[in-house]
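J.: What follows is a single structure, and I will ask about it in a moment.
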Amino acid sequence: MDVAPAQRRARPSRRCLTRSASIKSEKLGEQLRRSTVGLIDKRAWSAQARRTSSRQRQALVGWLDTIRRIGKGHGIRVSLLRAEATRKMSECRGAVPVWVMPLSRVVENFDPRTTRFDVVIIDEASPE
């Protein structure tokens, strides 16, 4: 017995099923990738939080607050604030595995006589 033409049209073709499965597989793969990235991000930050002491956290918050108060670098108290930022940086430096800042900020915050780095990357194309 031959299947009626209307019934044949109602059944999806193998090509259509294969394409549908491929699209679903791609969506699931992307969802898995996003979930994996999220898990890695949360685990990395969790490990960093466990490694950071309360003293380092306080120094880091104090350094950030001091840098904000320096602002554009004008004013009567700027030299005092920069000295305070340098002191805070020496306390919190080990809490952050990678520092990204303009070269001018590096000079302000790290003492080259006492501070050592494994790697230094200077991006000359970025404006300061």
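J.: Give just the number: which of (1) at pLDDT 80 or above; (2) more than 24 Å from the chain's Cα centre (by Cα) does Arg57 not satisfy?
T.: Single failed check for Arg57: (2).
J.: Conditions first: (1) aliphatic (A, V, I, L, M); (2) free of Cβ contacts under 8 Å to residues at least 40 places away in the same chain; (3) within 30 Å of Ser46 (Cβ to Cβ). Leu103 passes all but one, so which condition is the exception?
T.: Against the list (1) aliphatic (A, V, I, L, M); (2) free of Cβ contacts under 8 Å to residues at least 40 places away in the same chain; (3) within 30 Å of Ser46 (Cβ to Cβ), Leu103 comes up short only on (3).
J.: Further, regarding this structure: If you scan segment 70-85, which residues turn out to be of a type outside the set (Ser, Thr, Tyr) and part of a helix (DSSP H, G or I)?
T.: Ile70, Val78, Leu80, Leu81, Arg82, Ala83, Glu84, Ala85
J.: Further, regarding this structure: Would you check if Ser46 is without any contact (Cβ under 8 Å) to a residue 24 or more places away in the chain, out of contact with any helix residue (DSSP H, G or I) (no Cβ under 7 Å at 6 or more places or on another chain), over 30 Å from Phe110 (Cβ atoms) and among the polar types (S, T, N, Q)?
T.: No; evaluated as a whole, the condition is false for this residue.
The values are calculated or read from the model by the stated rules, or taken from the named source; none is laboratory data. Here the structure is a predicted model, which is why all the values come from computation and not from measurement. Note that we place each Cβ from the backbone using ideal geometry, even for glycine, and neighbour counts take in every protein chain shown.
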